[in-house]
Amino acid sequence: MVNKHQIWRVPDYLQLRWQSWGEAENTEFVVFNCYSGETHCLNLTAGLVLQYLETEAASAAALSAAIRQALPAGANEDALRQIPDLLHEFDEVGLIAPVAP
Amino acid sequence: MRLGELSSEEVRTRLTQHEIRLRVGPFSISVASDQPSFWPAFHFLYQDFPLLEDDVPVEFRIGLVYPPGIRRWFRRQVLFFLDDATPFEPFTSALALPFFEWGFNWCIYEHVYEFLVMHAAVLARDGKALILPGPPGSGKSTLCAALAFRGWRLLSDEFALFDIASGALFPLPRPVGLKEQSIGVIRAFASDADVGPTFTDTRKGTVAHLRPPSRAVASADEPAMPHWLIFPTYSRDADNKLEPLAKASAFALASESCFNYRALGVDGFSALSRIIDRCACFEVAFNDIDTMVRTLDQLATRSERT
């Protein structure tokens, strides 16, 4: 479990390439990590979280508020509760890194 | 000039004393062999392929020859050469033709990087390509062979070769490898199917090869654009119904079916993204070839109307 106050960001050296399909709550993402050569398939919430951290550093709490705003109407807000787990998984596969406060 | 225009004596002489250069899809290959079991099978299965002049450079120079020593005379074996390398343990001499086919496959999936190479059968109707990725045992070759005798143009039963920039599929029509029950299924399905010799006791069981339709070989320089991506699985209790597949899931499955997706890096990602973008994606569990052929025909017919 991640520290809820920890700030996270996608490191600049990763250079992510994005592809998405579907609309609104059915949007899915595929992201390619140019640094590792790994490809990841992401659901809507995971994609929005990673895209947010690509542009701005944020904690789990800040992300939850930001992603709630970004979710299209009809999207399941229960997914927001998974953000700490998502951050843990992103950290494990090297897509995000902690930022010093 | 095509290989089939040579007499069997000319084929034997060239293979044993020199080489035969052929155009096979986008590749030029050279073949030499001192294996009597190989000559007639190769002549039959590759009869429609164009011969190349001796000064045409080749991507793959393949040799199928006896090993030195006693194995040339006793329990005869055959070695597969790519240039001067012997990447495999020898096979029994009687299996020279399947050894050639498997070795040629290896040449492609180990050495080709100018295409995104997917393990898939590919057919086309009206320039629209149907891609059927699948591991051995998925039924893709059987389905592919059946479709090739029902109005679909065979591009390949083994490799989808995608141009990295455009996504266009380059044909690689070669003999279709059939295993075990599939041999009888295709013989019953298409009475005009030309199936070569049957080889028993191979590492893949009993195998035989379907000669690619002449029209497929004649169209080997006509690419097709990806249109349908369907992941088949043979299953006894299947319902033979196409189930739509989300594109991100299709991407994940398709990338796992590629031999060089990771090696191509971001170029592979971009190419596969464009391919998935273009394709309607499905998965299907099937157990009946006739039903599947009808289903895929209907899919193509609906596409013609739209």
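Distance between the 7 Å Cα→Cβ label points at residue B:263 and residue B:240: 4.0 nm. This ranking places B:43, B:209 by how few other beta-carbon atoms lie within 10 Å of each, fewest first, which gives B:43, B:209.
Could you state the angle between the C-alpha long axis of helix B:96-111 and the longest principal axis of the C-alpha atoms of chain B, as a value from 0 to 90 degrees rounded to the nearest 10? Rounded to the nearest ten degrees, it is 60. The slack in the chain from residue B:185 to residue B:110, taken as 0.36 nm per residue of separation less the alpha-carbon distance, amounts to 23.9 nm.
Efficiency by 1/(1 + (r/R0)^6): what FRET value for residue B:200 and residue A:89, r their Cβ-Cβ distance, R0 = 56 Å, to the nearest 0.05? Each step should come with its number before you reach the end.
Values: r = 50 Å, r/R0 = 0.89.
Efficiency, from the Cβ-Cβ distance: 0.65.
Note: relative contact order over chain B, using C-alpha pairs below 8 Å and six or more positions apart, is 16 percent.
Per residue of peptide A:29-39, the mean number of Cβ atoms on other chains within 10 Å of the residue Cβ is 4. Rounded to the nearest Hz, the phi-derived 3J(HN,Hα) couplings of region B:150-161 under the Karplus curve 6.51 cos²θ - 1.76 cosθ + 1.60 (θ = phi - 60°) are 10, x, 8, 7, 6, 9, 5, 9, 10, 10, 8, 9, where x marks glycine and proline. Once you have the Cα-Cα distance between residue A:24 and residue A:73, take 0.36 nm times their residue separation minus that, and quote the gain in nm to one decimal. So the chain would gain 16.9 nm between residue A:24 and residue A:73.
Largest first, the extents of the alpha carbon coordinates of chain B on the three principal axes equal 59, 42, 34 Å.
Other chains' Cβ within 10 Å of B:246-254 residues: what's the mean?
On the way: counts 5, 7, 13, 4, 3, 7, 4, 0, 0.
Mean inter-chain Cβ contacts per residue within 10 Å come to 5.
A straight chain from residue B:84 to residue B:70 at 0.36 nm per residue would run longer than the Cα-Cα distance by 3.0 nm. Inter-label distance, residue B:294 to residue B:192: 2.2 nm, where each label sits 7 Å from its Cα along the C-beta direction.
Given Cα pairs under 8 Å that are at least 6 residues apart, what percent is the relative contact order of region B:1-90?
Values: 153 pairs, mean separation 24.4, N = 90.
Relative contact order here is 27 percent.
Note on chain B: GNM, Cα springs under 10 Å; of B:123, B:82, B:154, the largest mean-square fluctuation is that of B:82.
The mean sequence separation of alpha-carbon pairs under 8 Å and at least six residues apart, normalised by the residue count of region B:222-306, gives a relative contact order of 50 percent. For the protein assembly as shown, the Cα gyration tensor yields ellipsoid semi-axes of 47, 25, 18 Å (square root of five times each eigenvalue, largest first, whole Å). Rounded to the nearest 500, the helix-only mean residue ellipticity at 222 nm of chain B stands at -10000 deg cm²/dmol, with each DSSP H run of n ≥ 4 adding -39,500 (n - 2.57). Among B:90, B:135, B:68, the largest mean-square fluctuation in a Gaussian network model of chain B, built with springs joining Cα atoms closer than 10 Å, belongs to B:68. Note on residue B:287 and residue B:215: with the Förster distance fixed at 41 Å, the Cβ-Cβ geometry gives a FRET efficiency of about 0.90. Please report B:109, B:261, B:46, A:13 as a ranked list, fewest other C-beta atoms within 10 angstrom at the top and most at the bottom. In increasing order of surrounding Cβ atoms, one gets A:13, B:109, B:261, B:46.
Exposure proxy check: B:1, B:118, B:292 ranked by fewest other beta carbons within 10 Å? Kindly include the intermediate steps, with their values, before the conclusion.
Values: B:1 9, B:118 28, B:292 23.
So the ranking, lowest neighbour count to highest, is B:1, B:292, B:118.
Computed over chain A, the Cα gyration tensor eigenvalues convert (square root of 5λ each) into semi-axes of 20, 18, 11 Å, ordered from largest to smallest.
Once you have a ≥ b ≥ c as the square roots of the Cα gyration tensor eigenvalues for region B:3-111, tell me rounded if a/c is under 1.5, and otherwise prolate or oblate according to whether a/b is larger than b/c. Could you put the intermediate results ahead of the total?
Values: a/c = 1.80, a/b = 1.27, b/c = 1.42.
Oblate, since a/c reaches 1.5 and b/c is not below a/b.
Listed by chain and number, the lysines whose alpha-carbon sits under 28 Å from that of residue B:247, ignoring those within fewer than 8 places in the same chain, are B:128, B:140.
If one puts a single equal scatterer on every Cα of region B:119-257 and applies the Debye formula without solvent, what log₁₀ I(q)/I(0) results at q = 0.16 Å⁻¹? Scattering profile of region B:119-257, log10 relative to I(0): -0.84.
No value in this document is a laboratory result; all are computed from the given coordinates. A quick note: this is a predicted structure, and the numbers were derived from the prediction, not measured. Note that we place each Cβ from the backbone using ideal geometry, even for glycine, and neighbour counts take in every protein chain shown.
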